[in-house]
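S.K.: What follows is a structure written as structure tokens; I'll ask about it next.
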Amino acid sequence: MKPLRILTVAVMAIMLTLVVASCGSKRKAVKETPQVTNVDTLKQKAFLQKVTDNAQHSRFITSKVKFSVQVGAREMTLTGNLKMKRDDVIRLQLMAFGFVEAGRLEFTKEYVLIMDRINKLYLKVPYVQLDFLRNSGIDFYVIQALFWNELFQPGKVKVTDELLRSYTLEPGSEDAVIAMQDGKLSYRWLADNLSMRIKMANIMYNDKYRGNYQLNWDYEEFQAFNRKYFPTEHKVSFTTPDKEVKLGMILNYMGNDENWEPRTEVSSKYRQVTVDEILQRFMSL
């Protein structure tokens, strides 16, 4: 497969896998009313508090990344870099031939940036201009929580003690299911009963007319990192009624490098494309 085709497929797959699962919803946030649960309230709060306490408190996380992307029958492997600054930016850099940056995907609190460095194309838009993000309440903080292996609530900067009451908790023999429901949107997390670490996050949009859209994010191979444990293997799948995309990320050489510029400046040599062009390229894969 030519480098251009690899870049197009990989960037589109990563972008759409991470954010389109919520397409179609008209709700902006999950309701915060307390839910009825089948476990003791104090035990539920203690369990959920431990889950949130397991989150990384580092300001920076950086890592080399091995990507695997599968769109239908097409599969490919890429290398790259992941750079994250808490509450500020998430950046994925995709490398061609192992040493040339071919594409960049950057999430900040204000905008989403996609760059095709081979063809000098880019998309830079605020979240409010992306219907499939705005309508479902998915913003930078939800995307950050998925990358950082944390609970989230759409529309909220962080999960506070007060917001913990809006989750339900269903214990199991090995894992507990943490859940929220908001109309056609459902949110689920699977947490280990012993370690109380999040093993899976799931966002499901149910539509009996158009079919279901589902984003599933699995976390594996937890390793000690900054006195906490962090998953070094992420398996992401995005399923629509007629398409499935799978993305794997294996993190290596994790660190806390602060010596990088958290904002990408786009050269005037690049041509800006539209959201429709991005979606059309993805849907044609």
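S.K.: Would you pick out the residues in the range 220-244 that are closer than 20 Å to Gln93 by Cβ and of a type in the set (A, V, I, L, M)?
M.R.: Val236 - this is the single residue of the range 220-244 that is closer than 20 Å to Gln93 by Cβ and of a type in the set (A, V, I, L, M).
S.K.: Just to check your reading of the model, which residue among Met200, Met95, Met196, Met115 is farther than 30 Å from Val273 by Cβ and assigned to a strand (DSSP E or B)?
M.R.: Met200
S.K.: Separate question: Just for the range 71-87: of the residues that are outside any loop (DSSP other than H, G, I, E, B) and out of contact with any strand residue (DSSP E or B) (no Cβ under 6 Å at 6 or more places or on another chain), which one is nearest to Asn149 (Cα to Cα)?
M.R.: So, considering only residues that are outside any loop (DSSP other than H, G, I, E, B) and out of contact with any strand residue (DSSP E or B) (no Cβ under 6 Å at 6 or more places or on another chain), the one nearest to Asn149 (Cα to Cα) is Glu75.
S.K.: Hey, could you check the range 173-190 for residues that are outside any strand (DSSP E or B) and in contact with a strand residue (DSSP E or B) (Cβ under 9 Å, 6 or more places away or on another chain) and say which is most open to solvent (accessible area, probe 1.4 Å)?
M.R.: Top of the filtered list is Glu174.
S.K.: Okay, moving on. Of Glu106, Glu75, Glu101, which residue is charged (D, E, K, R) and open to solvent by less than 10 Å² (accessible area, probe 1.4 Å)?
M.R.: Glu106
S.K.: Any residue that is free of Cβ contacts under 8 Å to residues at least 60 places away in the same chain and touching a Gly at 6+ places or on another chain (Cβ under 6 Å) - is there at least one of those in the range 217-235?
M.R.: Looking for residues that are free of Cβ contacts under 8 Å to residues at least 60 places away in the same chain and touching a Gly at 6+ places or on another chain (Cβ under 6 Å), one finds at least one in the range 217-235, hence yes.
S.K.: Look through the range 127-167, keep the residues that are among the acidic types (Asp, Glu) and modelled with pLDDT under 90, and return whichever of them is most open to solvent (accessible area, probe 1.4 Å).
M.R.: Restricting to residues being among the acidic types (Asp, Glu) and modelled with pLDDT under 90, the top hit is Glu162.
S.K.: With respect to the numbered conditions (1) at pLDDT below 55; (2) part of a helix (DSSP H, G or I); (3) out of contact with any Asp or Glu (no Cβ under 9 Å at 6 or more places or on another chain); (4) open to solvent by 40 Å² or more (accessible area, probe 1.4 Å), which one is the sole condition not fulfilled by Ala46?
M.R.: Evaluating Ala46 over (1) at pLDDT below 55; (2) part of a helix (DSSP H, G or I); (3) out of contact with any Asp or Glu (no Cβ under 9 Å at 6 or more places or on another chain); (4) open to solvent by 40 Å² or more (accessible area, probe 1.4 Å) leaves (1) as the failure.
S.K.: Name every residue in the range 66-80 that is among the small types (Gly, Ala, Ser) and touching a residue at least 24 places away in the same chain (Cβ under 8 Å), in order of residue number.
M.R.: Across the range 66-80, the qualifying residues are Ser68, Gly72.
S.K.: Taking the range 189-203 on its own, how many of its residues are farther than 19 Å from Asp53 by Cα and in contact (Cβ under 8 Å) with a residue 40 or more places away in the chain?
M.R.: 1
S.K.: I'm trying to understand the selection: among the residues of the range 239-252, which are more than 18 Å from Gly103 (Cβ to Cβ) and either surrounded by 14 or more Cβ atoms within 10 Å (Cβ to Cβ) or modelled with pLDDT under 95 (or both)?
M.R.: Selection gives Thr239, Thr240, Pro241, Asp242, Lys243, Glu244, Lys246, Ile250, Leu251.
S.K.: Right, here's the next one. Just name the residue that is farthest from Ala55 (Cα to Cα) out of those in the range 218-238 that are modelled with pLDDT of 95 or more and either among the polar types (S, T, N, Q) or within 14 Å of the chain's Cα centre (by Cα) (or both).
M.R.: Here the answer is Lys235.
S.K.: Within the range 177-217, work out how many residues are under 16 Å from Phe147 (Cα atoms), of a type in the set (A, V, I, L, M, F, W, C) and within 15 Å of the chain's Cα centre (by Cα).
M.R.: Qualifying residue count, the range 177-217: 7.
S.K.: Do you know which residues across the range 49-81 are in contact with an Asp or Glu (Cβ under 9 Å, 6 or more places away or on another chain) and hydroxyl-bearing (Ser, Thr, Tyr)?
M.R.: Thr52, Thr62, Ser68
S.K.: Do the conditions hold for Ile90, that is, is it crowded, with 19+ Cβ neighbours inside 10 Å and part of a loop (DSSP other than H, G, I, E, B)?
M.R.: The answer is no for Ile90.
S.K.: Further question on the same structure: Search the range 258-276 for residues that are open to solvent by less than 100 Å² (accessible area, probe 1.4 Å) and pair each with any residue that is part of a loop (DSSP other than H, G, I, E, B) and not small (Gly, Ala, Ser) when their beta-carbon atoms are under 6 Å apart and the residues are at least 6 apart or on different chains.
M.R.: Pro262/Asp88; Tyr270/Lys120
S.K.: For the range 152-172, name all the residues that are assigned to a loop (DSSP other than H, G, I, E, B) and within 17 Å of Arg197 (Cα to Cα).
M.R.: Phe152, Val159, Tyr167, Pro171, Gly172
The values are calculated or read from the model by the stated rules, or taken from the named source; none is laboratory data. These numbers come from a predicted model, not from an experiment. Cβ coordinates were reconstructed from backbone atoms using ideal geometry, including for glycine residues, and neighbour counts include every protein chain displayed. Side chains are part of the model used for accessible areas, which takes the heavy atoms of the whole protein and leaves out ligands, DNA and RNA. Shrake-Rupley method; radii C 1.70, N 1.55, O 1.52, S 1.80 Å.
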